[in-house]
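Visitor: Just dropping this structure here.
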Amino acid sequence: KDSVLSNDAVEEAYRRIELCEKNFVSNILCWLASNPKVNILEENFVPDNRQDGSICANRLPIISFAHEALKSSVVVAHCKDRGVILRHGSFLSPRVLKSCATIEDDCDEGVVRVSLVHYNTFDDIQKLKCVLGSIVGW
């Protein structure tokens, strides 16, 4: 017998993936926003501590931020040494980064980017926050 999924089943799977990703993004965004040294590159983001995913409507599960006192490469290296993989740079958008007040002249440093997907777990999110919080000067 064919194991073709119905359209309803596929739509429900995508709905669940989106819900999972939004909850993770909300959790991290609210945590990052609580640090006055962290500048989140997010249009119209207003942290309100809702971690149910509702502040993340119509967005991809990607977060970009810069820390006032720490180079993005230092943040990424610290995390990598502890098993958390992030990226840093301008991500082919140096003009956008230069227009942001949070980014200095060094667009090669750029921002830290957190990319989440449906197979991340809540433990992954907690580890990310713990590792970032352990950086001296965070």
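Visitor: Using modelled amide H (1.01 Å from N, peptide plane; none on Pro or chain starts), what sits under 5 Å from the amide H of R87, excluding residues fewer than 5 places away?
Guide: Hits under the 5 Å cutoff: R113.
Visitor: Using θ = phi - 60° and the Karplus form 6.51 cos²θ - 1.76 cosθ + 1.60, what ³J(HN,Hα) does each residue of the stretch 33-39 get, whole Hz, x for Gly and Pro?
Guide: So the Karplus estimates, Gly and Pro as x, are 5, 6, 9, x, 8, 9, 10 Hz.
Taken together, the values in this text are just the output of simple stated rules run on the coordinates, not laboratory data. Only a predicted model underlies this, so the values are computations on that prediction, with no experimental measurement involved.
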